[in-house]
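Chemist: Would you mind keeping the following structure in view while I ask a few things?
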Amino acid sequence: MSKLHQKVALIGDGAVGSSFAFAMTQQGLAEEMPIIDIVKKQTTGDALDLEDATVFTAPKKIYSGDYSDCKDADVAVITAGVPQKPGETRLQLVNKNFKIMKSIIKPLMNSGFDGIILVIANPVDILTAAAQKFSGLPKNRVFGSGTSLDTSRLRVALGKKLEVDPRDVNAYILAEHGDSEFAAFNEATIAGKPLLELTKEEGITQDDLAELEDQTIHKAYDIINNKGATYYGVATCGMRIVRAILRDENAVLPISAPLNGEYGEKDIYIGTPAVVNASGVKRAIEIPLTDEEAAKFHKSAATLRQIWDDAVAEDAKN
Ligand SMILES: NC(=O)c1ccc[n+]([C@@H]2O[C@H](COP(=O)([O-])OP(=O)(O)OC[C@H]3O[C@@H](n4cnc5c(N)ncnc54)[C@H](O)[C@@H]3O)[C@@H](O)[C@H]2O)c1
């Protein structure tokens, strides 16, 4: 994508969406950004607020937009969704957000949009598959933020524990962005040295690592209990992924990618490192897992398949 004028459409201007728009503005990424939401006052206010930041960052046309503005967008980022209500089952939430996704993808595609879709709304793996199904776009051009946030959290936690810059920790959270995800500790490294050797040298036990993994997976609850929602971390992950697309980086990022035989799985979107460039997902990279980790991966994939099948069956009834 060597265009001088790049356009990223943001759909969903809540806590995550507006933080993403702010991150994009701070990084001087994309020359044009229409913001779309059912709450027009929010997008109007955000556009007016964000344009004031361009004086100190980089020129950008930011405005409250409509789906017609997506026609020539390079990327559409979807953060629109409703949160889980107390007493609501996961499937009920999935069905609600399935409907919202359908109501977004239809006008998006009707605009003539032919770019890349990045889904951040939850449950991200399922909604990414839904966005691909409803849009009919090639699988490599629709993907989700997957376990990018969870992986950041893992690297931050390991970085703190080992007193190492988290950017230099090569470790991943894999599979569903949700309860069945897991840390692939056995393959993690720092400067090529196995993480498990380093932790052993530092007196960090397997129990300590299990606790760290648990805290990482449940960190969202800690944040939500304190301030009601999480948004800066995931918004920055979204910005990082979009930068890899706009700058054709071939960056290796943990996203919700379509598998085609990797990990022995296919026809599923799930969290794995993958190469991201201007054409979307170039390829998923299969981490060679231990048997125990592979079993966790397959279990997580089976969980996602079950949710997907139930959601599709429910959707067919409507
Ligand atoms: N993938 C991740 O790692 C991750 C992390 C945090 C949050 N999330 C998810 O991101 C999503 C957004 O979270 P949030 O905190 O910003 O929620 P929020 O309630 O603050 O914002 C959601 C926005 O979506 C808009 N919206 C709802 N229906 C719409 C529609 N049909 N068309 C256009 N806009 C519509 C709402 O008006 C609102 O502005 C949620 O699904 C949340 O679970 C994902």
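Chemist: Look through Leu118, Leu127 and report the one residue that is touching a residue at least 24 places away in the same chain (Cβ under 8 Å), part of a helix (DSSP H, G or I) and within 30 Å of Asp214 (Cβ to Cβ). Explain how you work it out, then say what you get.
Modeler: On the way: Leu118 fails: part of a helix (DSSP H, G or I).
The unique qualifying residue is Leu127.
Chemist: When you go through (1) among the acidic types (Asp, Glu); (2) assigned to a loop (DSSP other than H, G, I, E, B); (3) surrounded by 14 or more Cβ atoms within 10 Å (Cβ to Cβ); (4) within 14 Å of the ligand (Cβ to nearest atom) one by one for Glu88, which number turns out not to apply?
Modeler: (3)
Chemist: Since Ala316 meets every condition but one in (1) open to solvent by 20 Å² or more (accessible area, probe 1.4 Å); (2) hydrophobic (A, V, I, L, M, F, W, C); (3) modelled with pLDDT of 95 or more, which condition does it not meet?
Modeler: Here Ala316 meets the rest and fails (3).
Chemist: Further question on the same structure: I need every pair where a residue in region 163-186 that is open to solvent by 50 Å² or more (accessible area, probe 1.4 Å) has its Cβ under 7 Å from the Cβ of a residue that is assigned to a strand (DSSP E or B), sequence separation at least 6 or different chains.
Modeler: The qualifying pairs are Asp168/Ile190; Asn170/Thr189; Asn170/Ile190.
Chemist: Is at least one residue of region 218-231 buried (at least 18 other Cβ atoms within 10 Å of the Cβ), at pLDDT below 95 and either among the charged types (D, E, K, R) or touching a strand residue (DSSP E or B) at 6+ places or on another chain (Cβ under 6 Å) (or both)?
Modeler: Yes - at least one qualifying residue is present in region 218-231.
Chemist: List the number of the failed condition for Gly203; all other conditions in (1) assigned to a helix (DSSP H, G or I); (2) out of contact with any Phe, Trp or Tyr (no Cβ under 9 Å at 6 or more places or on another chain) hold.
Modeler: (1)
Chemist: If you go through region 70-85 one residue at a time, do you hit one that is modelled with pLDDT under 95, more than 9 Å from the ligand (Cβ to nearest atom), open to solvent by less than 50 Å² (accessible area, probe 1.4 Å) and within 26 Å of Ala313 (Cβ to Cβ)?
Modeler: We begin by selecting, within region 70-85, every residue modelled with pLDDT under 95; these are 81-85.
Remaining after also requiring more than 9 Å from the ligand (Cβ to nearest atom): 85.
Now narrow it down to the ones that are open to solvent by less than 50 Å² (accessible area, probe 1.4 Å): none.
Checked against the condition, which is being modelled with pLDDT under 95, more than 9 Å from the ligand (Cβ to nearest atom), open to solvent by less than 50 Å² (accessible area, probe 1.4 Å) and within 26 Å of Ala313 (Cβ to Cβ), region 70-85 yields no hits at all.
Chemist: Among the candidates Ile241, Ile268, Ile217, single out the residue that is in contact (Cβ under 8 Å) with a residue 60 or more places away in the chain and more than 16 Å from the ligand (Cβ to nearest atom).
Modeler: Values: Ile241 fails: more than 16 Å from the ligand (Cβ to nearest atom); Ile217 fails: more than 16 Å from the ligand (Cβ to nearest atom).
Going through Ile241, Ile268, Ile217 in turn, just one is in contact (Cβ under 8 Å) with a residue 60 or more places away in the chain and more than 16 Å from the ligand (Cβ to nearest atom): Ile268.
Chemist: Starting from residues that are open to solvent by 20 Å² or more (accessible area, probe 1.4 Å) and among the hydroxyl-bearing types (Ser, Thr, Tyr), keep the ones in region 287-313 and report whichever is farthest from Lys96 (Cα to Cα).
Modeler: Checking each candidate, the answer is Thr290.
Chemist: Same structure again: Six or more apart or on different chains, Cβ atoms under 7 Å: show the pairs whose first residue is in region 15-26 and open to solvent by less than 10 Å² (accessible area, probe 1.4 Å) and whose second is near the ligand (Cβ under 8 Å from one of its atoms).
Modeler: Short answer, once both residue conditions are applied: Gly17/Thr79; Phe20/Thr79.
Chemist: Restricting the search to region 29-50, which residues are open to solvent by 30 Å² or more (accessible area, probe 1.4 Å), in contact (Cβ under 8 Å) with a residue 12 or more places away in the chain and more than 8 Å from the ligand (Cβ to nearest atom)?
Modeler: Result: Glu31, Lys40, Thr44.
The values are calculated or read from the model by the stated rules, or taken from the named source; none is laboratory data. Since the structure is predicted, the reported quantities are computational estimates derived from the model, not experimental observations. With ideal geometry, Cβ positions are generated from the backbone for all residues, glycine too; neighbour counts draw on all protein chains shown. Each accessible area value is taken on the protein alone, full model and side chains, heavy atoms only, with ligands, DNA and RNA left out. Shrake-Rupley method; radii C 1.70, N 1.55, O 1.52, S 1.80 Å.
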